[in-house]
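Undergrad: Just passing along the structure, written as structure tokens.
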Amino acid sequence: MSATARPDSVTFSDLSRNPRAVAERASRLGRVRVTHRDAPDFFLTAADREEQREETLATASRIFLALMKHDPGARDLLLAMPEVFPWVRHLSTEEVRAFTVELVEAISDAAELDLDASTGEVIAGWRATARIKADPAQLADAARPTSGDFGAVEVHP
């Protein structure tokens, strides 16, 4: 194994040279990060560990969705949001509620549909909203009416 790799990681070259040792390490540790100089890192994960992670995420998302269907549960989730995301203090009560619903739905999509990116997108979008609302100058600028055509909208897959 490479001397520069962290204990929970190996280089892509290590994987190429000694796949059996890397697979055994991943099996023992549950997962190993494979670093690559010219590409994003990836994880080599034991299938049973990944299946457990998926089941845990699905169970958690189902619990949150069930709580959201019942008003007392929804209030508890809303009360927890500032502890988890301190920046929600810049959002209105209705915005925190909308963020909570959107986040729980995104977590459900991650668990049930393998759409992991949507959770991060929801958090990033609401954090950006909170950032603008926290700065009076940015909020005033964002609230100013616009006019004209700003050109084509680029859609990234």
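The values are calculated or read from the model by the stated rules, or taken from the named source; none is laboratory data. This is a predicted model, so every value here is computed, not measured. Reconstructed Cβ throughout: ideal geometry from the backbone, glycine too, with neighbour counts over all protein chains shown. Side chains included, ligands, DNA and RNA excluded: accessible areas come from the protein's heavy atoms. Shrake-Rupley method; radii C 1.70, N 1.55, O 1.52, S 1.80 Å.
Undergrad: Identify, by number, the condition in (1) within 17 Å of the chain's Cα centre (by Cα); (2) more than 30 Å from residue 51 (Cβ to Cβ) that residue 90 doesn't meet.
TA: For residue 90, the failing item is (1).
Undergrad: Is it the case that segment 130-141 has a residue that's touching a Lys or Arg at 6+ places or on another chain (Cβ under 9 Å) and under 30 Å from residue 55 (Cβ atoms)?
TA: Among the residues of segment 130-141, not one is touching a Lys or Arg at 6+ places or on another chain (Cβ under 9 Å) and under 30 Å from residue 55 (Cβ atoms), which makes the answer no.
Undergrad: Restricting attention to segment 35-55, report how many residues are over 26 Å from residue 107 (Cα atoms) and either in contact with a Leu (Cβ under 6 Å, 6 or more places away or on another chain) or not acidic (Asp, Glu) (or both).
TA: Residues that pass the stated criteria total 4.
Undergrad: Modelled with pLDDT of 85 or more and under 15 Å from residue 64 (Cβ atoms), is that true of residue 102?
TA: For residue 102, the condition - modelled with pLDDT of 85 or more and under 15 Å from residue 64 (Cβ atoms) - is met.
Undergrad: List the helices (runs of 4 or more DSSP H) inside segment 84-157, counting only whole elements, that have at least 3 residues being in contact (Cβ under 8 Å) with a residue 12 or more places away in the chain and of a type outside the set (Phe, Trp, Tyr).
TA: Correct list: 93-113, 117-134.
Undergrad: Might you check whether a residue that is within 24 Å of residue 134 (Cα to Cα), over 22 Å from the mean Cα position of the chain (by Cα), at pLDDT 90 or above and open to solvent by less than 70 Å² (accessible area, probe 1.4 Å) occurs anywhere in segment 9-19?
TA: no
Undergrad: Which count do you get for residues in segment 37-72 that are open to solvent by 60 Å² or more (accessible area, probe 1.4 Å) and not in a helix (DSSP H, G or I)?
TA: Residues flagged as open to solvent by 60 Å² or more (accessible area, probe 1.4 Å) and not in a helix (DSSP H, G or I) within segment 37-72 amount to 7.
Undergrad: Let me ask something additional. Taking the residues in segment 103-142 that are among the basic types (Lys, Arg) and surrounded by fewer than 17 Cβ atoms within 10 Å (Cβ to Cβ) as candidates, determine which candidate is farthest from the chain's Cα centre (by Cα).
TA: 131
Undergrad: Another question, if that's okay. Output the residues belonging to segment 78-92 that are out of contact with any helix residue (DSSP H, G or I) (no Cβ under 8 Å at 6 or more places or on another chain) and within 23 Å of residue 132 (Cβ to Cβ).
TA: Within segment 78-92, 83, 84, 86, 92 qualify.
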